[in-house]
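Data block below; observations after.
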Amino acid sequence: MGSSSFDKLLVANRGEIAARIIRSARALGWPTVAVYSDADAGAPHVALADEAVRIGGAPARESYLNAGALLDAARRTGANALHPGYGFLAENAQFAAACAFAGVSFVGPSPEAIELMGDKARAKARMEEAGVPTVPGWRSPEGAGEQTDDAIVAAAAGVGFPLLVKAAAGGGGRGMRRVDRADDLPAALASARAEASAAFGDGTLLLERLVDGARHVEVQVFGDAHGGAVHLFERDCSVQRRYQKVIEEAPSPAVDDALRARMGEAAVAAVRAIGYVGAGTVELLLGADGEFYFLEMNTRLQVEHPVTEMITGLDLVAWQLRVASGERLPLEQDALERRGHAIEVRLYAEDPYEDHRPQTGRVVAWEPAEGEGLRCDHGLRAGAEVSAHYDPMVAKLVAWGEDREHARRRILLALRDTVLLGIASNKRFLAEVIRQERFVAGEATTRWLETDLDRAVTTRPASSRRIVAIAAALWTVGLDGHSPAGDGPVADGWRSSGSADAPLTLIDGAVKHELRVRATGPGRVAVSRPAFPDAPETIVRVLARSGPRIRVAVDGVATTAHAAREDGRLHVEVDLEQIAVVEHLPGERGREAVAGDGNVRAPSAASVTTVDVAVGDPVEADTRVAALEAMKIETVLTAGVAGTVAEVRVAAGDQCKRKQVLIVVTPAADG
């Protein structure tokens with residue numbers, strides 16, 4: 001990285017992290033340049049910067065991964081420093097070297113440090129030399145030359161099962177597979193190698209013994225060009241699924257002061273062993289016996305850095321920029337202090353009740369929660385399109401408290417009070433996880449979400465009587481409680497008859513709600529269900545509105561609902577329960593084909609990665625027919641019915657829309 005001061009900063013990223021970097025840079029007096037793809041032309045980070053440059057099309061490979069376009073944007077604007085954020089090119093040694101060649105200070109470590117720590121096998125060897133504990137395992141000393149399946153299978157016997165197959169390059173859980181039995185190893189090797197090659201261009205693998213009951217604890221570190229090195233305490237990132245972090249907190253509930261000191265010393269030793277400069281994270285595996293092991297070092301700012309900022313009161317991006325401009329670290333180890341507890345949750349555009357499938361679409365309403373001890377890092381706005389081209393994380397909510405329980409209560413309120421309508425998200429899932437006894441007790445391990453979490457948390461609940469009644473009332477009298485005539489089935493009916501009664505059928509996905517509504521006064525609606533004649537009417541009154549936040553009283557109890565209408569659909573959320581309804585008119589035919597009809601549809605907008613069948617192929621219901629990738633998540637599609645492939649409408653590399661028919665199977669005749 002550059003060691004002299006700079007004049008203007010280009011932020012080579014998007015979304016919440018780009019906005020966050022721009023704010024810190026401007027606070028320090030540095031003018032900023034944003035870059036954007038065609039999909040992000042109207043994004044908030046673009047408006048925040050002093051200048052902005054279009055760098056290409058929506059796919060990341062045409063824009064945020066286009067090193068030439070990024071450096072050209074720096075040249076055109078006179079930016080002589082570049083902050084990569086995280087993801088994209090943040091840990092690309094070749095890009096860091098290209099920045100240096102172009103005379104642009106790279107806000108991060110040297111290309112040599114990135115390259116070394118990006119190779120898990122070499123990084124592990126260097127840590128062993130530095131005396132940092134590492135997980136027992138195997139790596140090929142000659143690199144890919146000994147990467148035959150036979151060599152790895154033979155080595156696995158010495159490592160022992162269960163074990164992890166890991167990609168030597170990259171991170172984020174890509175190319176990682178758990179293997180419990182020797183018989184499962186060949187398939188895991190093929191799968192991990194293919195994914196690693198596609199993600200990182202390197203299929204080299206290594207093996208590590210699986211530490212059961214482990215926690216994922218990481219230490220924030222910083223180094224400067226003058227030999228300074230410190231740690232800023234630890235974070236616990238054990239709540240994860242498929243090796244992707246979901247909830248992070250600082251400090252770790254499993255770490256006491258003595259263990260914290262040992263971990264910090266090991267992390268600083270890692271920094272000094274490679275002459276590291278800038279922000280980094282030493283990731284550790286903490287066993288149930290209190291022993292910890294080096295996993296890897298991320299040579300960039302982490303998504304979860306806000307929890308460290310919340311307990312230390314420091315701005316880590318400001319530290320990065322000051323170190324990159326040639327300054328010494330702002331504080332030495334003895335001067336660093338922590339206070340209280342912080343919890344961060346990642347808001348994903350995904351459906352947690354459909355195996356967390358990424359979702360795309362328009363954000364109809366967005367207002368993050370505000371209040372003491374709360375922070376929201378985001379790059380959203382109402383009307384924005386969530387694209388399939390980028391990571392599904394749309395925002396980060398962070399809560400600070402005097403202690404862990406205080407922070408836990410605050411993050412629950414923040415989730416409830418954050419308005420996010422129009423796309424499916426994991427808000428309710430996150431709240432349910434945080435309410436679980438295991439989380440409350442601070443006992444979550446890395447396998448908890450996938451093995452021990454209450455299955456009810458991932459089962460779509462039926463809509464409550466309350467939210468259906470609120471949706472019916474808002475559909476009837478409008479979001480302000482006094483819709484213009486024609487907006488609802490009995491709009492303004494209370495004025496003319498006072499007792500008008502009308503049928504109303506609302507459709508929420510595959511669920512049909514048969515209702516009767518009666519306007520009984522200004523903004524007041526009685527809702528009943530003909531199918532349950534003995535059930536009492538629900539009386540809903542619309543009291544006040546402030547944007548998407550609507551105060552309503554349900555049977556005399558006031559509460560706040562979130563609601564917005566767009567394209568004939570009404571989105572409503574109350575206490576993290578959300579529905580999106582349209583009116584079903586008499587005689588209207590359903591738009592969706594029934595399940596099992598032989599049409600294989602895309603569950604979300606995505607890229608087709610493979611097509612595994614051809615016209616005329618016989619298939620069973622569980623036969624793999626194609627695979628899609630959206631927001632870094634692979635989805636395997638199966639035939640759904642036994643029969644013969646009649647049509648293949650896509651090819652590998654194509655883009656598809658949500659619910660687009662990709663493959664048609666003619667069902668086999670019964671018998």
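The values are calculated or read from the model by the stated rules, or taken from the named source; none is laboratory data. Everything numeric in this text was worked out from a predicted model, so none of it was measured. Neighbour counts are summed over all protein chains in view; Cβ atoms, including those assigned to glycine, are modelled from backbone coordinates with ideal geometry.
Overview of values
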| quantity | calculated |
| --- | --- |
| Residue match in the stretch 31-41 (condition: within 24 Å of the chain's Cα centre (by Cα) and part of a loop (DSSP other than H, G, I, E, B)) | yes |
| Check on residue 202, assigned to a loop (DSSP other than H, G, I, E, B) and among the charged types (D, E, K, R) | yes |
| Residue ranges of strands (runs of 3 or more DSSP E) in the stretch 306-424 with at least 1 members farther than 30 Å from residue 38 by Cβ | 341-348, 374-378, 393-401 |
| Filter result for the condition that a residue is surrounded by fewer than 24 Cβ atoms within 10 Å (Cβ to Cβ), in contact (Cβ under 8 Å) with a residue 40 or more places away in the chain and not charged (D, E, K, R), over 213, 201 | 213 |
| Boolean, residue 575 is at pLDDT 90 or above and within 30 Å of residue 506 (Cβ to Cβ) | yes |
| Residue tally, condition free of Cβ contacts under 8 Å to residues at least 12 places away in the same chain and of a type in the set (Phe, Trp, Tyr), over the stretch 88-135 | 1 |
| Out of 398, 433, sole residue that is touching a residue at least 40 places away in the same chain (Cβ under 8 Å), crowded, with 22+ Cβ neighbours inside 10 Å, in the same structural domain as residue 245 (by TED's automatic domain parsing) and touching an Asp or Glu at 6+ places or on another chain (Cβ under 8 Å) | 398 |
| Where a residue in the stretch 246-265 is assigned by TED's automatic domain parsing to the domain that holds residue 284 and surrounded by 18 or more Cβ atoms within 10 Å (Cβ to Cβ) and its partner, wherever it lies, is part of a strand (DSSP E or B) and polar (S, T, N, Q), with Cβ under 6 Å and at least six apart | 246/240 |
| Number of the condition not met by residue 82 [criteria: (1) in contact with a Leu (Cβ under 6 Å, 6 or more places away or on another chain); (2) more than 24 Å from residue 10 (Cα to Cα)] | (2) |
| Every residue from the stretch 240-262 that is within 13 Å of residue 307 (Cβ to Cβ), in a strand (DSSP E or B) and out of contact with any Phe, Trp or Tyr (no Cβ under 7 Å at 6 or more places or on another chain) | 245, 247, 248, 249 |
| The stretch 1-30: number of residues that are part of a helix (DSSP H, G or I), among the hydrophobic types (A, V, I, L, M, F, W, C) and buried (at least 19 other Cβ atoms within 10 Å of the Cβ) | 6 |
| Any hit, the stretch 174-191, residues being surrounded by fewer than 20 Cβ atoms within 10 Å (Cβ to Cβ), touching a residue at least 24 places away in the same chain (Cβ under 8 Å), at positive phi and not in a helix (DSSP H, G or I) | no |
| Residue within the stretch 534-542 that is within 35 Å of the chain's Cα centre (by Cα) and modelled with pLDDT of 95 or more present | yes |
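Each row is one residue, and each column tells you yes or no for (1) out of contact with any helix residue (DSSP H, G or I) (no Cβ under 8 Å at 6 or more places or on another chain); (2) in the same structural domain as residue 427 (by TED's automatic domain parsing); (3) within 30 Å of residue 426 (Cβ to Cβ).
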{"site": "532", "(1), (2), (3)": "yes, no, no"}
{"site": "557", "(1), (2), (3)": "yes, no, yes"}
{"site": "563", "(1), (2), (3)": "no, no, yes"}
{"site": "567", "(1), (2), (3)": "yes, no, yes"}
